[in-house]
Amino acid sequence: MRKVLKFGGSSMADARQFAKVKSIVEADPSRSVVVVSAAGKRFQEDHKLTDLLYLCHAHLQYGVACDSVWQMICDRYIEIRDQLELPTDLETEFAELRQKMDRGISQDELVSRGEYFAARLMADYLGFAFVDAAHWLVFKMDGTVDQEISYENLQRAAGGRKIVTPGFYGAMPDGAIKTFTRGGSDITGALAAAALDADVYENWTDVSGFLMADPRIVKDPDPILQITYSELRELSYIGAQVLHEGTIFPVREKNIPLNIRNTNQPDAPGTLIQESFEEQFVPDGRFITGIAGKKDFSVINLTKNGMSNEVGFLRRVLEILEQYKVSVEYLPSGIDSASFVVETARLSPCLYQILGQIEREIKPDTIHMTEDMAIVAAVGRKMVFQPGSSGRIFAALGENGINIRMITQGPEELNIIVGVDNRDFEKAIRVLYDNFVR
Ligand code: ASP
């Protein structure tokens with residue numbers, strides 16, 4: 001059994017957090033590969049090391065002295081080292097890096113040092129081998145990860161050893177350091193898990209997994225214990241909190257479960273994300289995995305007698321929207337009517353051109369617009385096993401005075417999506433939560 005763990009910035013923020021990481025890693029001998037972020041914030045007003053490094057680079061770029069920022073960076077890591085009484089020789093490396101900064105250093109290389117030093121310290125603290133990400137994670141010339149070579153490199157570099165490797169960066173074919181976009185250590189962790197065929201990828205952060213609804217809307221929502229990749233995609237598409245985009249792909253491809261855990265609450269099970277779960281019924285009656293939504297959609301409603309017999313009707317409308325680069329989110333339709341649900345922000349700049357063109361080219365009997373609509377989605381793989389789930393959802397919303405302006409359900413019965421007035425958005429989410437989760 002081999003587990004790959006990734007610890008985010010808040011888990012690396014200071015010596016106390018390092019100690020938590022150590023006890024988590026040591027609690028399970030199969031936790032043998034550790035990927036780390038740079039030190040994050042210790043308290044609300046604190047700075048992330050990565051932000052300080054970007055700031056430092058900006059100073060260099062504009063020829064402004066960066067010494068005070070640089071000192072803050074060095075001090076953070078020296079403090080961790082000294083408090084943990086580690087032998088890591090940071091001073092020599094800091095001095096070398098400082099010289100390189102004067103000679104000229106790329107932004108990617110400088111900011112990657114946040115992860116690099118964090119990993120060096122963590123390796124010494126855990127007594128694991130340090131494997132530099134630049135030695136295994138390689139990018140192709142087009143900037144995408146060369147998975148095949150990276151996987152081989154890591155297999156070779158890790159061998160059977162316990163290792164710590166920095167997140168967030170790798171090397172271009174010419175050896176130049178390249179970082180992912182912000183938050184990219186999640187991807188490094190996923191790639192390491194896939195490379196080593198891990199049994200699980202544990203992503204340790206400062207929340208106990210995903211929540212079933214936005215805590216700004218629902219008070220103390222329950223965490224999601226288990227969720228499939230498809231459900232997660234549905235929820236994140238319509239506004240729920242997400243992992244870094246690239247994170248899911250490497251582990252999903254290899255069917256490796258992804259477990260979001262909380263360093264500050266290591267006993268909580270967190271959220272387990274898998275391709276599927278074995279279940280045929282809904283023992284606790286909870287058929288919803290999560291609720292999410294987004295405001296500010298517009299709907300173009302068209303009616304035309306005989307529309308359903310007119311070949312190419314929908315295509316022609318979609319082509320007009322395509323010309324203006326407006327993507328259609330949902331498309332509920334009737335026999336002689338169709339509604340095109342689009343994001344208001346995308347539509348507004350070209351609304352009148354689009355309506356004019358539809359009028360001229362499609363010649364509908366009526367066109368009318370619905371504005372200020374919000375989308376609320378109840379997502380749940382278990383809805384398939386629960387007859388009447390959509391009826392119950394509509395009834396609950398209706399009983400609470402929420403006017404449903406659109407209903408759609410995906411063919412896999414993974415979600416039920418309702419359109420409500422923007423002003424009913426929060427209420428609709430609360431009604432769904434209170435009726436079907438609490
Ligand atoms: N340290 C980097 C950032 O702040 C990468 C990461 O933490 O995932 O974006």
### Task
Please report, to two decimal places, log10 I(q)/I(0) for the range 279-438 at q = 0.08, 0.16 Å⁻¹ as given by the Debye formula with identical point scatterers on the Cα atoms and no solvent.
-0.27, -0.92
### Query
Counting only protein heavy atoms, what percent of the accessible surface of the range 149-225 is carbon or sulfur at a 1.4 Å probe?
53
### Task
Only residues of the range 401-438 count here: report those whose backbone N is under 17 Å from the spot 7 Å along Cα→Cβ of ARG216, or say none.
422-430
### Net length gained if the chain between ASN400 and PHE277 were fully extended (0.36 nm per residue, minus Cα distance)
40.9 nm
### Summary
Between HIS59 and PHE385, the two model label points (7 Å from Cα along the beta-carbon direction) sit apart by a distance in nm of 5.8
### Task
Quick one: Debye curve from the alpha-carbon atoms of the chain only, equal weights, vacuum; give me log10 I(q)/I(0) at q = 0.06, 0.07, 0.14 Å⁻¹ to two decimals.
-0.34, -0.45, -1.20
### Summary
In this structure, the FRET efficiency calculated for ASP197 and TYR237 from their beta-carbon separation, with R0 = 30 Å, to the nearest 0.05, is 0.55
### Query
What is the distance, in nm, between label points placed 7 Å from the Cα along the Cα-to-Cβ direction at GLU79 and at LYS325?
4.5
### Message
7 Å from Cα along Cα→Cβ at both ASP372 and ASN255: what's the point-to-point distance in nm?
### Response
5.1
### Mean accessible surface per residue for the range 5-109, computed with a 1.4 Å probe while every protein chain stays in place, in Å²
48
### Task
Provide SER11, SER236 ordered by accessible surface of protein heavy atoms (probe 1.4 Å), highest first.
SER236, SER11
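Would you kindly calculate the translational diffusion coefficient of the range 94-222, applying Stokes-Einstein with the Kirkwood radius from alpha carbon pairs, for 37 °C and a viscosity of 0.692 mPa s, and quote it in µm² s⁻¹ without decimals? The partial results should precede the final answer.
On the way: Rh = 16.3 Å.
Once the numbers are plugged in, D ends up at 202 µm²/s.
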### Query
Between GLU152 and ALA27, what FRET efficiency follows from the Cβ-Cβ distance if R0 is 30 Å, with the result rounded to 0.05?
0.45
#### Entry: For the chain, calculated [θ]222 nm from helices alone, where every DSSP H run of n ≥ 4 adds -39500 (n - 2.57)
-11500 deg cm²/dmol
### Placed amide H near ASP146: partners under 5 Å, 5+ positions off or other chain
VAL138, PHE139, LYS140
### Task
Taking only protein heavy atoms into account and a 1.4 Å probe, give the accessible area per residue of the range 306-363 in Å².
57
#### Entry: Whole-percent carbon and sulfur share, accessible surface of the range 74-138, 1.4 Å
43
### Task
Just flag the chymotrypsin sites (Phe, Trp or Tyr not before Pro) in the range 6-95 sitting in loop per DSSP whose Cβ has no more than 15 other Cβ atoms within 10 Å.
PHE43, TYR62
### Charge dipole magnitude, Cβ of K and R +1, D and E -1 - the chain, Cα centre, debye nearest 20
280
### Message
Less than 20 Å from a label point 7 Å out along the Cα-to-Cβ axis of MET172: which backbone N atoms in the range 140-159 qualify, by residue?
### Response
140-150
## Note on the structure
Residues meeting the amide H criterion for SER32 (H placed from the backbone, H to H distance under 5 Å, 5 or more places apart or on another chain) are LYS3
### Query
Expressed in nm to one decimal, what extension gain is obtained for the pair MET72 and ARG182 from 0.36 nm per residue of sequence separation less their Cα-Cα distance?
37.5 nm
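The values are calculated or read from the model by the stated rules, or taken from the named source; none is laboratory data. The model shown is predicted, which means the values in this text are computed figures rather than measured ones. For neighbour counting, all protein chains shown are included, and Cβ atoms are generated from backbone atoms with ideal geometry for every residue, glycine included. Just the protein is used for accessible areas: all its heavy atoms, side chains included, with ligands, DNA and RNA removed. Shrake-Rupley method; radii C 1.70, N 1.55, O 1.52, S 1.80 Å.
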